[in-house]
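Report on one structure; see the data block that follows.
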Amino acid sequence: MLKKFLIKYFIFRNKILFKKKGISHGKHLMVMGPIQLLVMGELKVGNHFNMISGIMTNALGRNLKSTLRVDLGAKIIIGDNVGMSCVSIWSKEEIIIGDNVKLGANVIVFDSDMHSLDYQLRRDISTDGINSKSSPIVIEDDVFIGANSIITKGVKIGRQAIIAAGSVVVKSIPERQTWGGNPARFIKENTK
């Protein structure tokens with residue numbers, strides 16, 4: 001009974017939060033649980049978006065609050081029928097997620113190093129972040145990304161690809177392939 005009440009409460013609350021922050025979204029927005037929205041750029045969410053967060057976790061989500069962060073001048077565009085649990089997505093440039101994509105529990109997606117790779121620039125907070133490298137991420141339609149995976153800057157994941165749980169994706173992946181590991185490597189062609 002309490003869980004049903006909390007689900008309804010957070011769905012209602014998060015619709016208001018999206019509206020208050022001016023986030024464009026399609027019909028049937030369903031965001032269950034407390035989330036963190038840091039939107040200084042553009043965030044668009046398609047139809048039938050389903051996010052589980054925080055106390056409303058699935059069995060793998062470990063009570064982590066989902067975060068969507070879009071820095072000034074950056075964007076995150078999420079297509080239709082996308083589902084995710086306890087994720088962290090941070091864009092300093094551009095992250096595009098296609099239709100029918102599933103992101104497993106605790107997936108992290110970020111399009112920047114977030115810090116300079118030059119140790120001398122990292123020493124000073126005023127030169128650290130502004131000297132980080134960024135490159136867009138594209139996750140095409142019908143991709144499945146397994147729990148606890150990390151998608152890094154400049155990656156394109158082709159349609160119908162599968163990323164095995166716990167993978168670290170540092171380079172682009174062709175469509176209809178399964179990849180896994182750290183760093184992610186080719187495992188097999190997807191026949192269906």
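The values are calculated or read from the model by the stated rules, or taken from the named source; none is laboratory data. Since the model is a prediction, treat every value here as computed from it, not as a measurement. SASA here: full protein model, heavy atoms, side chains in, ligands and nucleic acids out. Shrake-Rupley method; radii C 1.70, N 1.55, O 1.52, S 1.80 Å.
Key figures
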read-out	value
In order through the stretch 15-29: 3J(HN,Hα) via Karplus (6.51 cos²θ - 1.76 cosθ + 1.60), integer Hz, x for Gly, Pro	4, 5, 4, 4, 5, 4, 8, x, 7, 6, 8, x, 6, 6, 6
Viscosity 1.002 mPa s, 20 °C: Kirkwood-radius Stokes-Einstein D of the stretch 48-127 over Cα pairs, µm²/s	154 µm²/s
Option label - Rg and Dmax of the Cα atoms in Å computed here, alternatives (i) 16.8, 55; (ii) 14.6, 43; (iii) 16.0, 50	(i)
Interchain or long-range residues, amide H under 5 Å from ILE157's placed H	VAL138, ILE139, GLU140, ILE173
Per residue accessible area in Å² of the stretch 1-155, where ligands, DNA and RNA are left out and the probe is 1.4 Å	51 Å²
Under-5 Å amide H pairs with VAL109, H placed in peptide plane, nonlocal only	SER88, ILE89, TRP90, ILE151
Relative contact order, percent, the stretch 82-192 [alpha-carbon distance under 8 Å, six or more residues apart]	20 percent
For the chain, share of DSSP beta bridges that run antiparallel, in % to the nearest 5	10 percent
Accessible surface of the stretch 144-192, 1.4 Å probe, proportion on carbon and sulfur as whole %	55 percent
Nonlocal amide H pairs with GLN177, under 5 Å, H built at 1.01 Å	ALA161, ILE162, ASN190
Cα gyration tensor category, rounded, prolate or oblate, for the stretch 135-192 with a/c compared to 1.5	oblate
